[in-house]
Every structure is written in structure tokens, then in C-alpha cells.
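Input: a single structure, listed below in C-alpha cells.
Every number in this text was worked out from the coordinates using simple rules, so none of it is lab data. Keep in mind the model is a prediction, meaning the values are calculated, not measured. Virtual Cβ from ideal backbone geometry, glycine too; neighbours counted across all protein chains shown.
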């Protein structure tokens, strides 16, 4: 079974941790095989539904003009890649640089790969329900949440006609948290300090992952 290369110390298999990243970083790279045998990648915000247990279902939509829905093979597995926090790691941040000099650059990241068979949902009611649920999820934290009822009904209907739903029941999940677990404590502390010094939200999120990895 083909899968992402994942050394044991970077493997993350706990479902609640994988689902959390998928919900917080919902823009997935959806990789499919078209009818000509070509690998195609599209970037699609996906909604994770808990059923069917245990792994759940991914739902999204694409433009009707996008051949993803009309030209993808549904008899082979597709892949949705969810990219979590990531950052370049400088060897100058390692305590062992001064001691031995035997250090090299690397990259820290958290990622989830979700596999399943793509289904096309070209149904107006299904698509409307999905859009409403997607909107509710991503508007919920805003001070003035937008809803479809804020726009003219005929405009919303025309937009819905221009998209097609996709769905993928997840058959397997693979998680990889490469967050300096293979480094000694002093190096991890140096990486945290180095990331904090960058002053960016993304670097800070990676530093938080190193300091407080997902609880076991």
C-alpha cells in the first residue's frame, strides 16, 4: 500500500488529533487520477463530517468548469492532503552547532493524508446544504457572520448552479508530525527560541507544536 514516508518517531495515528488538524486547516490539496491516467491536483476547502465512523467523510465543491468532477476516475483512490503548521529550521538554532558543528537545515511540519474514493454530488439540494454548512463553520468566529440570505436569492441560485459537489468517504488516514522529536532537549529549546524570534504567526504555531506536542 503506497503511503507517505513516516519514521516511527514522526507518526501520528490518533484520530482526534488528525481530525483536529483537518478541521483547522481545511484547504486541502485533492489529488486525483483523470481518465487519461494523469495525476491532477486541485485545492479545495473540505468539510469533515464525523460519519460514517470511524474515519468520517470529506465534502466540498468545485466549479462546474473544473474537470475534477467530470474527468476523475472514481474506481481508484483519491488523496486529500491537509497541510498544518510548517517552517524552515535553521541549524544555527541548535545548541549542538557550537559543540560539534554536525548539524544541517531541515523543515518542521504537520500534515494529514486522507484517502478515499471520490463521489460526484451533482444535486442542487445537496450542494446548497453543503454551502450553508461550510459557510456557517468558517463564518462562526467573525464578529458579523455572513450567510447566504444576505445576498439576493436569484444571485445565490446562479452561483449554486455553477458548482458541483464532491464527497469522499475516508478509507484510511495517515498523519506525520515532524516537530524536532528526534532532537535532544537543548536543540528543541533552541529551535523554539529561533522560531519565536521570527515574529510570525506561522513560526509561533510551529514553536507551540514543539513545546506542547499533541497530548498522548
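Numbers at a glance
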| item | result |
| --- | --- |
| Largest-first ellipsoid semi-axes for the stretch 1-100, taking √(5λ) over the Cα gyration tensor eigenvalues, angstrom | 33, 18, 14 |
| Separation between Cα centres of the stretch 186-209 and the stretch 55-134, rounded to whole Å | 23 Å |
| More than 17 angstrom apart: percent of Cα pairs within the stretch 29-78 | 41 percent |
| Convex hull of the stretch 117-216 built on C-alpha atoms - directionally averaged projected area, nm² | 10.4 nm² |
| Whole-number percent relative contact order across the stretch 42-87, with pairs defined as alpha carbons under 8 Å at least 6 apart | 25 percent |
| Gain on full stretching of the segment that runs from residue 53 to residue 107 - 0.36 nm per residue minus C-alpha separation | 16.1 nm |
| Per-residue Cβ neighbour rank within 10 angstrom, fewest leading, 98, 176 | 98, 176 |
| Spherically averaged projected area of the stretch 82-162 from its Cα convex hull (nm²) | 9.8 nm² |
| Intensity falloff of the stretch 157-216 expressed as log10 I(q)/I(0), Debye formula with alpha-carbon point scatterers, at q = 0.21, 0.29 Å⁻¹ | -0.83, -1.22 |
| The stretch 1-47: radius of gyration over Cα atoms, expressed as a fraction of 2.2 N^0.38 Å | 1.45 |
| Ascending count of other beta-carbon atoms within 10 Å, so fewest first, for 117, 82, 5 | 5, 117, 82 |
| Relative contact order, percent, the stretch 75-216 [alpha-carbon distance under 8 Å, six or more residues apart] | 33 percent |
| Hull shadow area, averaged, the chain [alpha-carbon convex hull, nm²] | 14.8 nm² |
| Ranking of 18, 27, 68 by count of other Cβ atoms within 10 Å, fewest first | 27, 68, 18 |
| Separation of the residue 208 and residue 125 label points, Cα + 7 Å toward Cβ, nm | 4.1 nm |
